[in-house]
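A.B. asks: Take this structure first; my questions come after.
The values are calculated or read from the model by the stated rules, or taken from the named source; none is laboratory data. Computed from a prediction, not measured in an experiment: that's the story for all the values here. Here the Cβ positions follow ideal geometry from the backbone for every residue, glycine too, while neighbour counts run over all protein chains shown. Quick note on the areas: whole protein, heavy atoms, side chains included, nothing else; ligands and nucleic acids left out. Shrake-Rupley method; radii C 1.70, N 1.55, O 1.52, S 1.80 Å.
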Amino acid sequence: MAVSDQITPVATKAKKRRAFGEVPGLGAVAIAFMVFLYLPIIVLVIYSFNAGNIVMVWTGFSTDWYAKAFANADIRKAALNSLVVATSATAIATTCATLAALALARGGSFRGKGATVGIITLPLMVPEIVTAVAMLVFFSNLGLSLGLGNVILAHVTFCIPFAFMPIRARLDGMDTTLEQASRDLYASDWETFRLVTLPQLMPGVLAGAMLSFVISMDDFIITLMVAGAGDTTLPVYIYSMIRQGITPEINAVSSILLLFSIVLVTAYWFTTRTKPDGKNH
């Protein structure tokens, strides 16, 4: 038998092999998955403009619930608490995560380096309720009652790994040639960090800060455990409203929170998008 006769069936079979995107039914499954993910959110936003008091009975278009939400002093106070907690926790967590990532990526080899990475990222795998109970017991044993300070400290503990992961990934992907050239030109360590390392690291820092901010703004369980009277954040306040009955006002507040998250993600995309020449804005 000729060699060509043996090769032909294999080559024909290879030609008939479908690409991953051409698998029958995959497109329908993907569409169904997207509908499952986003349809509840779309329904929530639509019914936030419902004129009636009943959530799922459409009686006409109205923006009155948004006006009521903005006029509600309790909602404004809860939103302000959320912003204070998220901003403070993000600033502290991102600073700690940046220093930790720099020490691990540029600090050379040392004993316990792998264990250190594991310890920093461990809160990602610990159930949130466990972290919440641990923080509650910790603050109770210390007799620590700092109001929103307790909430900020608790948020810092779980925001650090979320900030650390993108910063460490950015550092690992950075070319160290420019840093070496800076040192060869007698720049100090601080000048090398400020003028060379930090500008390249900023997309990772922004990603970590953005992720920490969104996670902190959205947190409910840990905040519910450690927050004292008058320190209610927006997710906890929304939960208390739901216990009294779901109204379009809850939909309006949730839609505002969703819009805020979309604005943050869009701002991050514009500040870190890559130019055609491969440079970041």
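A.B. asks: Restrict the check to region 127-141 and report whether at least one residue is among the hydroxyl-bearing types (S, T, Y) and under 16 Å from the mean Cα position of the chain (by Cα). Give the steps one after another, and end with the answer.
C.D. replies: Of the residues in region 127-141, the ones among the hydroxyl-bearing types (S, T, Y) are 131, 140.
Pick out the ones that are also under 16 Å from the mean Cα position of the chain (by Cα) and you get none.
Among the residues of region 127-141, not one is among the hydroxyl-bearing types (S, T, Y) and under 16 Å from the mean Cα position of the chain (by Cα), which makes the answer no.
A.B. asks: Could you please find all residues in region 50-71 being in contact (Cβ under 8 Å) with a residue 40 or more places away in the chain and not in a helix (DSSP H, G or I)? It would help to see each step written out before you state the result.
C.D. replies: Quick first cut of region 50-71, residues in contact (Cβ under 8 Å) with a residue 40 or more places away in the chain only: 50, 52-53, 55, 65-66, 68-69.
Within region 50-71, N50, G52, N53, V55 meet the criteria.
A.B. asks: Exactly one condition in (1) more than 30 Å from V43 (Cβ to Cβ); (2) of a type outside the set (V, I, T); (3) open to solvent by less than 40 Å² (accessible area, probe 1.4 Å) is not met by R183; state its number.
C.D. replies: Exception for R183: condition (3).
A.B. asks: Would you be able to say whether some residue in region 189-204 is open to solvent by less than 40 Å² (accessible area, probe 1.4 Å), in a helix (DSSP H, G or I), within 30 Å of G149 (Cβ to Cβ) and of a type outside the set (F, W, Y)?
C.D. replies: yes
A.B. asks: In the list F162, F158, F138, which residue meets the criterion of being part of a helix (DSSP H, G or I), within 30 Å of T233 (Cβ to Cβ), free of Cβ contacts under 8 Å to residues at least 60 places away in the same chain and aromatic (F, W, Y)? Give the derivation first.
C.D. replies: Values: F162 fails: free of Cβ contacts under 8 Å to residues at least 60 places away in the same chain; F158 fails: free of Cβ contacts under 8 Å to residues at least 60 places away in the same chain.
Unique residue meeting the criteria: F138.
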